[in-house]
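The values are calculated or read from the model by the stated rules, or taken from the named source; none is laboratory data. These numbers were taken from a predicted model, which means no experiment stands behind them. Cβ atoms come from the backbone with ideal geometry, glycine included; neighbour counts cover every protein chain shown. The area values use the complete protein model at the heavy-atom level, side chains included, leaving out ligands, DNA and RNA. Shrake-Rupley method; radii C 1.70, N 1.55, O 1.52, S 1.80 Å.
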Amino acid sequence: MFSGDNVPALWAKIGNPQGIAIHPDGTLYIADSSNGRIRAVKQGFTISYDANGGSGSVPASKVYSLNENVTVSGNTGSLTKTGYTFKGWNTLATGLGTDYPVDSTFAATGDLKLFAKWEKNQYTLSYTVDAYGNIGGQRSMTQSVYHGENGTAVTVTVDTDYRFVKWSDEITTATRTDLNVTGPIDVTAIIERDVYTVHYETNGGLPVPPDQTVVKNAFASVPYQPLKTGYTFGGWYRDQALTTPFIFPGMQITQNITLYAKWNPKTYTLTYTAGANGTITGVSPQTVTHGSNGTSVTAVADTGYRFVKWSDNNANATRTDLNVTGPINVTANFERDVYTVHYETNGGLP
């Protein structure tokens, strides 16, 4: 093989050509006297490939002689284009020319540049409602959109006493429009019974009733009553100011709600009584609420008598009971005022 064989004629080098001849098939023959050979210049055509916006490598260009059989190359360089699928080759970048499918054959009759033909991907958007709702009156809906395009709006309508929670892909709006779609979408609307929470605020009482979950328009169960030292339970109220009572089971639950416990302080009677030979000054009996103070009372002994103590062992004749936490009923005790006469004999006995 000599320099220039099997390549375009422009690349060939011929030493001291002496004559030429043309064959009817168009082949040009040149006498290469330096090499003692006849060189044939055949009519040839270049078949080349263009990625047409794709990434990867295209098949190598190749020169074919006139009418030589050409087999169209495949996607040997793993060409890719985001959002598109390789569909063979075409004579125009727009894909509107002549198609040349992979592995098809044709006779070379001229130079030809083949462009990768890309078909935009089409995706199916599937929206489903399993139960308790619909999309446009149907349980499911599908759309077909091309890569990068937008779907149309879909809206979930729920049945009575149910509510939309979210789509299975975590979108939380019942109406959705999928934009700039880059792949298939298959989602289901999640719907649940429309329920509300009843929460109890005991305002210091114990134990605290657990929250109740109540279906919309149903009734809450009567919770157990908490206890609070020094108070009696006054019922449950809808507001913190305790102005609107909540009636079990007469009020339907139509939203999340907090109920507040009302407490009425207990009242106690303070009774102070004088025993024999004395009196009491001050108010007796007295009525006080839990944790408050009574007013002052005093045990006064009659002439010739003296105060000893109260029946609860309080030794103060004047008393004021503070921070009262229960009823008090006491009696002031008195005894004869007596003295001792002592004798000093100055040494006498007895």
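A few comments on the model shown:
- Single residue of segment 315-329 satisfying the filter (open to solvent by less than 40 Å² (accessible area, probe 1.4 Å) and in a loop (DSSP other than H, G, I, E, B)) that is nearest to Y268 (Cα to Cα): G326
- The residues listed here are F233, F246, F219; of these, the one that is more than 13 Å from Y127 (Cβ to Cβ), surrounded by 11 or more Cβ atoms within 10 Å (Cβ to Cβ) and at pLDDT below 95 is F219.
- Matching entry among A299, A332, A261 (being part of a strand (DSSP E or B), among the aliphatic types (A, V, I, L, M), free of Cβ contacts under 8 Å to residues at least 60 places away in the same chain and open to solvent by less than 30 Å² (accessible area, probe 1.4 Å)): A299
- Note on segment 173-244: enclosed strands (runs of 3 or more DSSP E) holding 3 or more residues that are in contact with a Phe, Trp or Tyr (Cβ under 6 Å, 6 or more places away or on another chain) and more than 30 Å from H147 (Cα to Cα) are 231-237.
- Set side by side, the residues T267, T271 differ, and just one is open to solvent by 50 Å² or more (accessible area, probe 1.4 Å), closer than 30 Å to N314 by Cα, in contact with a Ser or Thr (Cβ under 7 Å, 6 or more places away or on another chain) and modelled with pLDDT of 95 or more, which is T267.
- Lone unmet requirement of (1) open to solvent by 60 Å² or more (accessible area, probe 1.4 Å); (2) at pLDDT below 95; (3) under 30 Å from W167 (Cα atoms) for D194: (1)
- Of everything in segment 158-174 that is open to solvent by 70 Å² or more (accessible area, probe 1.4 Å) and among the hydroxyl-bearing types (S, T, Y), the residue that is nearest to T254 (Cα to Cα) is T160.
- Qualifying strands (runs of 3 or more DSSP E) (wholly inside segment 29-69; at least 1 residues being of a type in the set (A, V, I, L, M, F, W, C) and under 16 Å from G19 (Cα atoms)): 37-41
- Tallying residues that are surrounded by 13 or more Cβ atoms within 10 Å (Cβ to Cβ), among the polar types (S, T, N, Q) and either under 12 Å from L114 (Cβ atoms) or under 54 Å from the mean Cα position of the chain (by Cα) (or both) within segment 58-73 yields 1.
- Restricting the first member to segment 124-141 and to residues that are within 17 Å of G183 (Cα to Cα), and the second to residues that are of a type in the set (D, E) and crowded, with 17+ Cβ neighbours inside 10 Å, the beta-carbon pairs closer than 9 Å and six or more apart or on different chains are L125/D178.
- Restricting segment 101-115 to residues that are in contact (Cβ under 8 Å) with a residue 40 or more places away in the chain and either of a type in the set (G, A, S) or not in a strand (DSSP E or B) (or both), the residue that is surrounded by the most Cβ atoms within 10 Å (Cβ to Cβ): A108
- Hits in segment 337-346 (condition: of a type outside the set (S, T, Y) and either surrounded by fewer than 10 Cβ atoms within 10 Å (Cβ to Cβ) or touching a Cys at 6+ places or on another chain (Cβ under 9 Å) (or both)): V338, V341, H342, E344, N346
- Check on S292, part of a loop (DSSP other than H, G, I, E, B), open to solvent by 40 Å² or more (accessible area, probe 1.4 Å) and farther than 12 Å from N333 by Cα: no
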